[in-house]
1. Under 8 Å between Cβ atoms, which residue pairs at least 6 apart in sequence (or on different chains) link something in region A:459-474 that is away from every other protein chain (no Cβ under 14 Å) and under 20 Å from A:Pro178 (Cβ atoms) with a partner that is outside any loop (DSSP other than H, G, I, E, B) and within 7 Å of the ligand (Cβ to nearest atom)?
2. Of all the residues that make up region A:462-474, how many are surrounded by 13 or more Cβ atoms within 10 Å (Cβ to Cβ) and near the ligand (Cβ under 10 Å from one of its atoms)?
3. Search region A:442-461 for residues being outside any helix (DSSP H, G or I) and more than 9 Å from the ligand (Cβ to nearest atom), and hand back the single one that is farthest from the chain's Cα centre (by Cα).
4. Tell me which residues, restricted to region A:25-44, are within 27 Å of A:Asn300 (Cβ to Cβ) and in contact with a helix residue (DSSP H, G or I) (Cβ under 6 Å, 6 or more places away or on another chain).
5. Which condition from (1) within 16 Å of the ligand (Cβ to nearest atom); (2) surrounded by 14 or more Cβ atoms within 10 Å (Cβ to Cβ) is the one that A:Leu399 breaks?
6. Exactly one condition in (1) assigned to a loop (DSSP other than H, G, I, E, B); (2) modelled with pLDDT of 85 or more; (3) away from the ligand (no atom under 16 Å from the Cβ) is false for A:Gln427; which is it?
7. Sort through B:Ile49, B:Ile38 and tell me the only one that's crowded, with 24+ Cβ neighbours inside 10 Å, outside any helix (DSSP H, G or I) and in contact with a Gly (Cβ under 8 Å, 6 or more places away or on another chain).
8. Among the residues of region B:328-350, what is the count of those that are modelled with pLDDT of 90 or more and acidic (Asp, Glu)?
Amino acid sequence: MDEQILLKHLHKHFSYTCFRTGQLEIIQSVLEKQDTLAILPTGTGKSICYQLPALIQKGTTIIVSPLISLMLDQVKELKAKQIKNVVAITSFMNHHERKEVFSNISSYKMIFISPELLQHSFVIQKLTGLPISLFVIDEAHCISQWGHAFRPDYLRLEQVIQALQNPPILALSATAPPNVQEDIESALKRNHMKRFIYPMDRPNIGLFIKKLQVESEKNEALLQITSQYDVPTLIYFSSRKQAEEIATFLAETLTNRRIAFYHGEMEQSDRITVQQQFMNNQMDIICCTSAFGMGINKSNIRLVIHYHFPGQLESYIQEFGRAGRDGKQSISVVLHMPSDDILPRYFVEQELPSKEVIAEVVHYLQTSELQFLQKEIVDVLRETWTINEVQWRFLLYQLEIHGMIRGNRIIQMKDVHHVSDSIIQFQSNRLHEQHKNIEMSQKWLEEEGCLRDKLYSNYQDTYTEVNNLCCSNCHQGLADWNLEGVYKRNTASQSWKKNLQQLLKIEG
Amino acid sequence: MFTTIILTCSKQLKDERTDQAIYHILQGKKSIQTIQDIYLYQLDHYYKILPTLDQNLYKRTIQELVDHQLMETSQSYANSYTISHKGIETLQNRTLPPLLSYVNGKKYSMYTNTFEKRLFLFIQVLSNKQSQHNSYVPIVDQYDIMNDIKQLFRKFQKNSHSLANELYDELTTILETIENQYADLFISRLSGFQHYGKSIQQIAREIKQTEVDTLLIIQSITHYILKQIEQNKQQFPLLDALKMQDHLLQITVSANKTKTLVEQGIPLEQISSMRNLKMNTIYDHIVEIALHDDSFALHNFIDDETMTTILRTAHALDTYQLKELKEALGKDYSYFQIRLALARGGAVSG
Ligand SMILES: [Zn+2]
């Protein structure tokens, strides 16, 4: 479709007057019904790449997304833009709501759905009747076993797509190095996807590592940086508890600053409150876990601090990339101490069942007289071997691809040892890979050369060179950081009547 | 505040109920036992004032009170605690903020949540309309609430400017009659054009109170507002329109069916066989209806004299335990009659 016409559509639906990098090419590819793989850095407007085609084309667009909160946010944002015929189908809907949605299923232009729900034949059956114009896989790197956020359910999407009579695919990701791109294509059994890969380096963000010895030094450094730079700030933690504790600590010390915490365990309404307050400059500092940020559209974040470094460089790139969306100079600061690899190593171990558990569960299922794997049985299994949710999804998927579970039927196998050996092999490969990722992160944190150079050379051939505030190995400190353009904060307290007048826009 | 309320409840319950009964009252369990308890022990003001109360937090708080010797092991129940002598003495020296005296759970808890949501959404919509802005994330995403607000705008048929002025007048008229700090707190929760109100946690941190105490303050403010609206509907037409009853019915669906049949004059035995329910279930329904609906006539089930005798006995023995009362009253009085008498008698005094 012609650029001018597309621009008209863009303006009509989203009131933007121009496309951002990559959007036009990707949208054109999608409208030509090509299977498309697009790697766009965070914050460059990935969602427009399917939202605009969804509104232009006849039929329904299905969007698979890994996080329910992310889907709900997207639907809310679209509705706020007066695009109402969109829905997120989640496992949190009650029976009544779901029934209502499914009885009007053909009225929606966009259906957001989690990969888990797409495993239900009932759901597939409801979707097969629809004319599907596009099947979108958001955060497509989740499909790769080597990606930093592997989701077994994503691997089954290929079957789903087949069941839906192979609509055109758009796979989107912000971070997918070449090996992950290969994985995405092969898992989807699409060999000739049209690829659009855009460089992910962010020249306006300086990369600074602060090396410390013990945790108390981290708190001091954190306090020093945040009190010196009064700018919209995100602080990332791996632990929910610490995010809360440090938020309290900072709030007690920096009394003139508005500070909140944010993590996935909070109630949805509280999460929205904090998010929206941050967006509207009513909050200055958010102490958060990786749950924060996806789908956040705040352009003036100036400082992203990593109190804990994530287990992979890809996550780090995605997280600090939330700074400086407006192109203004911003800074990433990593607080690093030698023992920092303990947390990510622990989380990696938590993600997979141990070899012993795998062997024992396989053995148990084969020797017990059980024929069906009902929910109650699963609960007992999980209790007996203390298998958490993520571990169980891994195990179940492995048992299925090895033919030991079909539907919820337990199939007796001839060679049980082969099954458990093969799963254990897979588990140890994956564990190995994850630990390698952690080692890579640790190695980068200890680099002595240019951090920018070392970071991006893993993913792309070139990057934009930066003269000012490149990284902590090229430059000493943050003295050159120009804080121009930082928002003006209005914290003057006024009477409740004045506040109410302001809210209702009336003269007192 | 929270601990004072727990101690007050425990004192009123006189160790005739387990400490779990207090949890059920505060959290607002919809069971006949709990509803009866609040009237019998004059705790109806505290019914459902903390609908989101966490069981673990409650247990922890009880344990703290035990650690401070304000509560002690119950004489009547295993694994339960009741107020100690020291607790009763302490309670005499404790006072709740005057605002808390406006809390009236039995009366207002069915409106509170929905009223707040409607009011907050109404203000957010109004504020954005006033700024000619229609792209924002609504603070409430429940379909029924959004629908209520849509209909209200239709009903009033006024431009947003005059609605905003009227709402301002109504709200300030009420808020001017409470302490400044509470008016401040209430207004800080509101959202509008490019502005999002504070969450409970944020307010708690600001006023240096626990979350549960903050919730109690917030409930009291809202109950106060609801009371003012109720006393002077003509003066607060907008707020009154926002205060419709909760969509959730108070009486269970099943009890409601029984009620309809009873009101058509069908005898209980026949209802029991018609609906294929045990007689005891039908009795439960009648007691449930009696508790919720003061206008529901009981004379077909219990005469005035029987009622008076039962209530007098309960008073004389200073107990509301069914088993004790039944033993005292003898075989001429059924459990059903005793429960009915207590339900209505409690409701009258409470
Ligand atoms: Zn450098």
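1. Sorted first by the residue in region A:459-474, then by its partner, the pairs are A:Tyr463/A:Arg452; A:Tyr463/A:Asp453.
2. Result for region A:462-474: 7.
3. A:Glu448
4. Passing the criteria: A:Ile26, A:Ala38, A:Thr42.
5. Of everything listed in (1) within 16 Å of the ligand (Cβ to nearest atom); (2) surrounded by 14 or more Cβ atoms within 10 Å (Cβ to Cβ), A:Leu399 misses just condition (1).
6. Of the numbered conditions (1) assigned to a loop (DSSP other than H, G, I, E, B); (2) modelled with pLDDT of 85 or more; (3) away from the ligand (no atom under 16 Å from the Cβ), the odd one out for A:Gln427 is (1).
7. Values: B:Ile38 fails: outside any helix (DSSP H, G or I).
After applying the criteria, what remains is B:Ile49.
8. Of the residues in region B:328-350, 0 are modelled with pLDDT of 90 or more and acidic (Asp, Glu).
The values are calculated or read from the model by the stated rules, or taken from the named source; none is laboratory data. Keep in mind that this is a model prediction, so the values were computed, not measured. Backbone-built Cβ (ideal geometry, glycine too); neighbour counts: all protein chains shown.
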